[in-house]
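A short write-up of the structure that comes next.
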Amino acid sequence: MSGKLRITAGAFKNRALKVPEGEAVRPTSERARQAMFNRLEHSFQDYGFRLRRARVADLFAGTGALGLEALSRGAAHVTFVEIARATHLKDNISALGVEDKTTVLTLDAAALPAAAQPYGLILMDAPYDFAVWRKSHSARGRRGGGKGLAGRARVDRRRDRQGRDPVSAGRA
């Protein structure tokens with residue numbers, strides 16, 4: 001995929017994001033991001049989750065589309081984790097002027113170091129059939145010495161093309 005995606009809502013609505021050519025990065029589509037964030041913002045408030053002012057981790061960040069969408073909708077800070085060279089991610093952060101609200105870690109998402117403060121939301125959009133799904137899923141609560149997720153945090157995972165969850169389907 002090459003070209004641009006847009007931020008779907010919030011402070012940066014309709015702002016373009018750079019997307020690299022080729023198959024190495026598979027950004028979450030605008031439609032999927034919009035649906036996911038609309039649900040996060042409106043369906044989980046009764047459970048105490050608030051995206052506004054949340055600390056977010058965007059694992060397998062790629063272009064940063066998920067984390068930047070969270071910032072646009074009011075998240076306080078996003079930690080982007082990407083093992084590959086993060087040129088487009090850094091360009092997108094700079095284009096939106098949110099360097100002060102972001103941290104970029106170039107490392108394996110399964111090796112995410114302890115967090116100084118718990119995350120309110122961890123976004124994981126790994127490549128399909130990525131073997132680290134199970135490891136990332138089971139380790140998510142240990143981030144930050146047992147304080148990885150805030151008490152009422154949400155974990156959202158993208159499903160494969162057949163609608164299966166890679167963790168519960170046993171493919172991870």
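Summary of values
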quantity: Criterion: surrounded by 15 or more Cβ atoms within 10 Å (Cβ to Cβ), out of contact with any strand residue (DSSP E or B) (no Cβ under 7 Å at 6 or more places or on another chain) and among the small types (Gly, Ala, Ser) - qualifying residue of Ala9, Ala54; calculated: Ala9
quantity: Flag if Arg140 is assigned to a strand (DSSP E or B), closer than 14 Å to Val56 by Cα and at pLDDT below 90; calculated: no
quantity: The range 19-50, residues that are in contact with a strand residue (DSSP E or B) (Cβ under 9 Å, 6 or more places away or on another chain) and hydrophobic (A, V, I, L, M, F, W, C); calculated: Val19, Val25, Met36, Leu40, Phe44, Phe49
quantity: Selection count, the range 91-109, where residues are surrounded by fewer than 18 Cβ atoms within 10 Å (Cβ to Cβ) and either on the phi < 0 side of the Ramachandran plot or in contact with a Phe, Trp or Tyr (Cβ under 7 Å, 6 or more places away or on another chain) (or both); calculated: 10
quantity: Odd one out for Pro113 among (1) out of contact with any strand residue (DSSP E or B) (no Cβ under 6 Å at 6 or more places or on another chain); (2) in a helix (DSSP H, G or I); calculated: (2)
quantity: Helices (runs of 4 or more DSSP H) within the range 1-109 that include 2 or more residues within 16 Å of Met124 (Cβ to Cβ), more than 14 Å from the chain's Cα centre (by Cα) and not aliphatic (A, V, I, L, M); calculated: none
quantity: Long-range neighbours under 6 Å by Cβ, at least six apart or interchain, first residue in contact (Cβ under 8 Å) with a residue 60 or more places away in the chain within the range 50-64, second β-branched (Val, Ile, Thr); calculated: Val56/Val78; Ala57/Thr79; Ala57/Ile122; Asp58/Val78; Leu59/Val81; Gly62/Val25
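The values are calculated or read from the model by the stated rules, or taken from the named source; none is laboratory data. Fair warning: this is a prediction, and the values are worked out from it, not measured in the lab. Positions of Cβ are backbone-derived with ideal geometry, glycine not excepted, and every protein chain shown enters the neighbour counts.
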